[in-house]
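Heads up: the structure comes next, in structure tokens.
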Amino acid sequence: MPISYEKGILYEVKKVRTTVGMFDVSHMGEIEIKGKDAIKFVSKITINDPAKLELFQVQYTAMCYPDGGIVDDLLVYKLPDRLFLVVNCANTDKDYEWILENNAKCKRLASEMQNAKWDVEIKNVSDETTQLAIQGPEALKVTQKLVGINLNEMDYYWSSFCKILNTDVLISRTGYTGEDGFEIYFAPKYAEKIWDSILDAGKEFDIEPVGLGARDTLRLEMKYCLYENDMDKTTTPLEAGLGWITKLDKEDFIGRDVLIKQKEQGLTRRLIGFELEKRVIPRPHYKIFSARGGSAFGGKDTEKIGEVTSGNFSPTLNKCIGMGYVNIPYHKIETEIEIECRGKMEKAIIIKPPFYKNASHK
């Protein structure tokens, strides 16, 4: 997947926000988990609750280390014969090995119990899977031309099997852009013809392929986290603002005890979103300071309170935006902060996410 195609990142961002674009996201990793204990196992290794999924429903979740640090964030699909996990491309091998290791532990524990059997099969199917994403306000009209099912009846974060050009595909109403859209999974040998069919179906809406640069800007405008930028093994889901998918009341999962303790004791930092006053891009690792003489905290002198994790110019908003971790209580909405950009302090303000608030789906 290129950083951009011929017309550049800013053009591609606007294309997705106003009409429709197509992403080749075949670099993403896919892992299948089968067996009668599949749901029990995925519940053990993820912070959300897959037991609540209905058939063909999709769930956003994450996996944690025993210390509460994040292994990866991912999607879980409940399909008739398996759970289908979609993980970040750079983490695929690491995630797969981590899942295998934990399955081995569960199997050993089961063998120690009288008459207990552990039925879980795990397979990395990343090399057998192509993924294309159609995103934008016109995504439904384009995708509907290709499939025989009524996509108006598919809710956000649901999926279905169907055919495109007599090829079996899995399609879901999901995406990483904040716009309506669909993600399609199928065998790689059909990639070229399905790619061409999507471009042909979208001609009347001037559909074009979109690259990695626009994808990163689009997700930032929605304050969607990117692994290795906004979360990693040193951050917990609660710090990253993912408490809404962290089901502390479900049966034990890896990292649960630490997360419960962190919630009880109170967080010391939070991931926030901010807008800059001037057109200056806040790069990752730039230092965040409290605003000089800020009245919100009694006119204290400026002090370092955090660090930028993601930042860029938003062509949709025509301003520079960013994300970063700051110490509590500096995380509150409308708190004035300063970002040290190339040795100069730039004024910014913390806002309520997302930055882009006109997404076509809720």
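General remarks:
- Subset tally (residues that are in a helix (DSSP H, G or I) and within 13 Å of Ile134 (Cβ to Cβ)) for region 191-208: 8
- Looking across region 209-258, the residues that are of a type in the set (Lys, Arg) and either in a helix (DSSP H, G or I) or surrounded by fewer than 20 Cβ atoms within 10 Å (Cβ to Cβ) (or both) come down to Arg215, Arg219, Lys233, Lys247, Lys250, Arg256.
- Taking the criterion of being in a helix (DSSP H, G or I) and among the hydrophobic types (A, V, I, L, M, F, W, C), the residues of region 92-143 that qualify are Trp98, Ile99, Leu100, Ala104, Cys106, Leu109, Ala110, Ala139, Leu140, Val142.
- Within region 166-177, the residues that satisfy the criterion of being farther than 17 Å from Lys141 by Cα and either charged (D, E, K, R) or touching a residue at least 24 places away in the same chain (Cβ under 8 Å) (or both) are Thr167, Asp168, Val169, Leu170, Tyr176, Thr177.
- Qualifying residue in region 281-295 (condition: among the polar types (S, T, N, Q) and more than 20 Å from Gly68 (Cα to Cα)): yes
- Whether a residue is at pLDDT 95 or above, farther than 30 Å from Lys52 by Cα and in a loop (DSSP other than H, G, I, E, B) was assessed, and Lys278 passes this test.
- The number of residues in region 239-253 that are touching a residue at least 60 places away in the same chain (Cβ under 8 Å) and either assigned by TED's automatic domain parsing to the domain that holds Asp216 or of a type in the set (A, V, I, L, M, F, W, C) (or both) comes to 4.
- In the set (1) out of contact with any Ser or Thr (no Cβ under 7 Å at 6 or more places or on another chain); (2) in contact (Cβ under 8 Å) with a residue 60 or more places away in the chain; (3) closer than 30 Å to Leu165 by Cα, the condition left unmet by Leu140 is number (2).
- Each residue in region 94-107 was checked for being touching a residue at least 24 places away in the same chain (Cβ under 8 Å) and surrounded by fewer than 20 Cβ atoms within 10 Å (Cβ to Cβ), and 4 of them qualify.
- Within region 325-348, tally of residues that are under 24 Å from the mean Cα position of the chain (by Cα), of a type in the set (A, V, I, L, M, F, W, C) and assigned to a strand (DSSP E or B): 1
- Top-ranked residue in region 149-180 [being part of a loop (DSSP other than H, G, I, E, B) and among the β-branched types (Val, Ile, Thr); ranked as nearest to Phe23 (Cα to Cα)]: Thr177
- Selected residue [modelled with pLDDT of 95 or more, assigned by TED's automatic domain parsing to the domain that holds Leu75 and more than 22 Å from the chain's Cα centre (by Cα)] from Ile122, Ile164, Ile149, Ile207: Ile122
- Within region 132-166, being in contact with a strand residue (DSSP E or B) (Cβ under 8 Å, 6 or more places away or on another chain) and among the hydroxyl-bearing types (Ser, Thr, Tyr) holds for Thr143, Tyr157, Ser159, Ser160.
- The set of residues in region 259-270 that are aliphatic (A, V, I, L, M) and either in a loop (DSSP other than H, G, I, E, B) or loosely packed, with under 14 Cβ neighbours inside 10 Å (or both) contains only Leu267.
- Remark: Leu199 falls outside the filter, which requires a residue to be touching a Lys or Arg at 6+ places or on another chain (Cβ under 7 Å), hydrophobic (A, V, I, L, M, F, W, C) and modelled with pLDDT of 95 or more.
- Only residues that are modelled with pLDDT of 95 or more and in contact with a Gly (Cβ under 7 Å, 6 or more places away or on another chain) were counted across region 290-315, and they come to 6.
- Exactly one residue among Lys287, Lys261, Lys223 is more than 24 Å from the chain's Cα centre (by Cα), closer than 27 Å to Lys94 by Cβ and modelled with pLDDT of 95 or more, and that residue is Lys261.
The values are calculated or read from the model by the stated rules, or taken from the named source; none is laboratory data. Since the structure is predicted, the reported quantities are computational estimates derived from the model, not experimental observations. Note: ideal-geometry Cβ built from the backbone for every residue, glycine included; neighbour counts use all protein chains shown.
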